[in-house]
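Q: Pasting a structure below so you can have a look.
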Amino acid sequence: SFLPAAGKRIVFKARFKVSDATQSDWIMGLQVTDTTPLAADGDGVTDGIFFQKDDGDTNIDFYVQKNATTGQLTTTAWTTASAADTYMTLAFVFDGKRTIDLFKNDALIKSVDIGGTFATYMPDTELTISFGLQNGEAVAKTMSVDYIFAAIER
């Protein structure tokens, strides 16, 4: 498990593919253990740092949230999903202070500033590696995961 702490860097990276780039929902990242991680707008999980793609589009959103109602920082449509059944890597690197860099296929796409208050957005509970897939239509979907890497500075 991973417990974010001020001053400690966090790295997460995953290489995976999904059989349908548009008519599927998926989630990938670090989250509190939850039975319903997939919900619109990141509302399915209370605490986490994760990527999510909702049904009906190819936009990948990024969430940093604490206690669902305390603080949620959302970066919507920062990149798009790869074509159907095509591997992509997604990664985030938190500097331990206030910046989270977002990468797709090893290229820096965006830097997110969580603001000066670490305690507002960063989860205060232990997180685990989490991923999930849900079909967006009455057709089976598949997710293939090549690897997941996660580390936190001690």
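The values are calculated or read from the model by the stated rules, or taken from the named source; none is laboratory data. This is a predicted model, so every value here is computed, not measured. Here Cβ is always computed from backbone atoms with ideal geometry, including for glycine, and neighbour counts include all displayed protein chains. SASA here: full protein model, heavy atoms, side chains in, ligands and nucleic acids out. Shrake-Rupley method; radii C 1.70, N 1.55, O 1.52, S 1.80 Å.
Q: Just wondering, is there one or more residues in the range 83-92 that are out of contact with any helix residue (DSSP H, G or I) (no Cβ under 9 Å at 6 or more places or on another chain), closer than 21 Å to Phe2 by Cβ and open to solvent by 20 Å² or more (accessible area, probe 1.4 Å)?
A: No: the range 83-92 contains no residue that is out of contact with any helix residue (DSSP H, G or I) (no Cβ under 9 Å at 6 or more places or on another chain), closer than 21 Å to Phe2 by Cβ and open to solvent by 20 Å² or more (accessible area, probe 1.4 Å).
Q: Could you give me the residue pairs with C-beta distances under 7 Å whose first residue belongs to the range 6-32 and is assigned to a loop (DSSP other than H, G, I, E, B), whose second residue is hydroxyl-bearing (Ser, Thr, Tyr) and surrounded by fewer than 22 Cβ atoms within 10 Å (Cβ to Cβ) wherever it lies, and which are 6+ apart or on separate chains?
A: Pairs found: Ser19/Thr142; Ala21/Thr58; Ala21/Ser82; Thr22/Thr58; Val32/Thr46; Val32/Thr125.
Q: Kindly provide the set of residues from the range 118-154 that are open to solvent by less than 70 Å² (accessible area, probe 1.4 Å) and among the hydrophobic types (A, V, I, L, M, F, W, C), ordered by number.
A: Once the filter is applied, which keeps residues that are open to solvent by less than 70 Å² (accessible area, probe 1.4 Å) and among the hydrophobic types (A, V, I, L, M, F, W, C), the range 118-154 yields Phe118, Ala119, Met122, Leu127, Leu133, Met143, Val145, Ile148, Ala150, Ala151, Ile152.
Q: I'd like the full set of residues that are part of a loop (DSSP other than H, G, I, E, B), open to solvent by less than 50 Å² (accessible area, probe 1.4 Å) and either without any contact (Cβ under 8 Å) to a residue 40 or more places away in the chain or more than 18 Å from Ala91 (Cα to Cα) (or both), limited to the range 105-117.
A: Gly115, the sole residue that qualifies.
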